[in-house]
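Below is one structure, written out as C-alpha cells; the observations come after it.
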Amino acid sequence: MRHRIAVVGSGPAGLTFARVLHRHGCHATVLERDSAPDARPPGGTLDLHEGLGQRALDKAGLLAEFRTLSRPEGQAMRILDTDGTVLRDWQPGPDEQAHPEIDRRQLRDLLLGPLGVEWGRAVTRVEPGTPDGAVVHFADGRQEAFDLVIGADGAWSRTRPAVSPATPRYTGVTAVETALDDIDTRHPGLARLIGDGSMAVYGVNRALVAQRNSGGHVKVHAQFRAPLDWHAEVDLDDVEAVRASLLALFDGWAAPVLELLRHGTAFVHRPLHVLPVSHTWTHVPGVTLLGDAAHLMPPLGAGANLAMLEGAELAESIAAGPDDLDEAVRAFEEQMWARAGKWAKITADGLERLVSPDPAEALAVFDEVQPA
C-alpha cells in the first residue's frame, strides 16, 4: 500500500487506527498537537467492552497485553442515596471480562508501542480536493498533502469542517472534575465508601460519581444541570471558591459523600457537549472522521469504545488493499454512521435519566444495564 495517509490526533481512535494499519505492514502519519506524550494529563480510566474496545485491541494483536494491564475489579459499581444509604452494590465475578477498566495513560502507551508520532504538529484546517490531494494546514504555517486525512481530533475537531458544518451543542449538564491521590492511605474511609470500582450518588438534577484509577488515584465528577455560564460569579482558577460553590450545590447530602469534594486538590470545568444524534455528512473524497470528531456523545462508556473499533475497522479495510481507497472509506462511513447513531441515542437518553429531576430514573438505568 502506497497511499499517503494522515491521522490527526493521538487519542484512542487515532492510535488504534495507526496500530492496526502497522500490524498489516502499512503506515500512517500520526499528527498530534501536544508536544510530547505527557504534555498534559491523559484523563481518567476507561472501561473497554468485549464487543467494542476489546475487539479493536484484538485486531491490533494487543488483547493479551490489555488483560495483563486492566483491572477487572474496577467493574464494581456502588450506588448510594444522598443520605449515604447503599442502594446497589454490584461486584464482578472472578472471571468477569465484560468491561474491565484501564487507565488512559496505560492504554495510550500500549497503543503507541512501535508507532512514530509527529508531536507538536497542531493542525488548523484540512483542505480537500486540491490537485495534490487533501492538504493539511499547520499552526506554524506549513502544509502537507495526503491521499486520505482522518480526523480523530476530538470534540472540537479542526478536521470536521472539511466534511460537515456541525458543531457541538451544550447538553445543559456540566461536570466539574477533581481528584484524590493515595486514597487508601490518606482517606481510608473514602476508599471503603467507593470500593474497588465506581460509586455514584444521584439527587435532583445532580450527581456525584467517584471512580478508581490505578495506584490509589480517584477521579470525582460533580454533575449538575445549569446554564453554560453558571460560573459567571465564580473564579474557576480559585480552588476554594469552586469547592464552596459545589458544596453549596450539594448541600444536605451525606457528610461522607461531600468529603469527596472537600478533599479534592483541583477542579476542572467540563461542560458536556454533543453532536446531533444522527450526525452524517455528504462524503468528501480524501477526508473522514473517527470517534468524537464524528459522533460526540455523552461520556457514558461508549465513545472511546466506538472510536477504537472504528479505527481498527477502517485500518483493516484500507490494509486489504482496495484499488479504490475512496470506496473503502465510503463503505466504512456508512457502517460507522449506522452503529454510532444507535449509541448516540442510547447515551443521550441515558444522560437525560441519570441527571434528572427524578433520582429513581438513574437507579432504573443501572438496573437495566446491570440487573441484580
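The values are calculated or read from the model by the stated rules, or taken from the named source; none is laboratory data. Fair warning: this is a prediction, and the values are worked out from it, not measured in the lab. Glycine also receives a Cβ, built like all others from the backbone with ideal geometry; neighbour counts cover every protein chain displayed. Just the protein is used for accessible areas: all its heavy atoms, side chains included, with ligands, DNA and RNA removed. Shrake-Rupley method; radii C 1.70, N 1.55, O 1.52, S 1.80 Å.
Structure notes:
Yes or no, residue by residue, for (1) of a type in the set (Asp, Glu); (2) under 24 Å from residue 90 (Cα atoms):
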site	(1), (2)
291	no, no
299	no, yes
303	no, yes
307	no, no
320	no, no
352	yes, yes
359	no, yes
363	no, yes
370	no, yes
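- Looking only at region 98-118, and only at residues there that are under 14 Å from residue 308 (Cα atoms) and charged (D, E, K, R), the one that is farthest from the chain's Cα centre (by Cα): 108
- If you filter region 1-43 down to residues that are touching a helix residue (DSSP H, G or I) at 6+ places or on another chain (Cβ under 9 Å) and among the hydroxyl-bearing types (Ser, Thr, Tyr), you find that the one that is least open to solvent (accessible area, probe 1.4 Å) is 16.
- The listed residues are 328, 338, and the only one of them that is surrounded by fewer than 18 Cβ atoms within 10 Å (Cβ to Cβ) and among the aliphatic types (A, V, I, L, M) turns out to be 338.
- Qualifying residue in region 5-15 (condition: more than 25 Å from residue 175 (Cα to Cα), part of a loop (DSSP other than H, G, I, E, B) and not small (Gly, Ala, Ser)): no
- Filter result (closer than 23 Å to residue 51 by Cα, modelled with pLDDT of 95 or more and among the acidic types (Asp, Glu)) within region 328-367: 333, 334, 349
- In region 287-308, the residues that are touching a residue at least 60 places away in the same chain (Cβ under 8 Å) and within 20 Å of residue 123 (Cβ to Cβ): 287, 288, 289, 290, 291, 292, 293, 294, 296, 307
- The residues of region 284-301 that are assigned to a loop (DSSP other than H, G, I, E, B) and at pLDDT 95 or above, listed by number, are 285, 286, 290, 291, 296, 297, 298.
- Within region 98-116, restricting attention to residues that are closer than 23 Å to residue 192 by Cα and not acidic (Asp, Glu), the residue that is modelled with the lowest pLDDT is 99.
- Scope region 340-363; condition out of contact with any helix residue (DSSP H, G or I) (no Cβ under 7 Å at 6 or more places or on another chain) and either closer than 21 Å to residue 281 by Cβ or assigned to a helix (DSSP H, G or I) (or both); matching residues: 341, 342, 345, 346, 347, 348, 349, 351, 352, 359, 360, 363
- Candidate set from region 302-311 (those that are among the hydrophobic types (A, V, I, L, M, F, W, C) and not in a loop (DSSP other than H, G, I, E, B)); member that is most open to solvent (accessible area, probe 1.4 Å): 304
- Residues within region 248-270 that are modelled with pLDDT of 95 or more and open to solvent by less than 40 Å² (accessible area, probe 1.4 Å), tallied: 8
- Criterion violated by residue 278 - all others in (1) in a helix (DSSP H, G or I); (2) surrounded by fewer than 19 Cβ atoms within 10 Å (Cβ to Cβ); (3) in contact (Cβ under 8 Å) with a residue 60 or more places away in the chain satisfied: (1)
- Matching strands (runs of 3 or more DSSP E) fully within region 44-149 where at least 1 residues are free of Cβ contacts under 8 Å to residues at least 12 places away in the same chain and open to solvent by 40 Å² or more (accessible area, probe 1.4 Å): 86-90, 143-146
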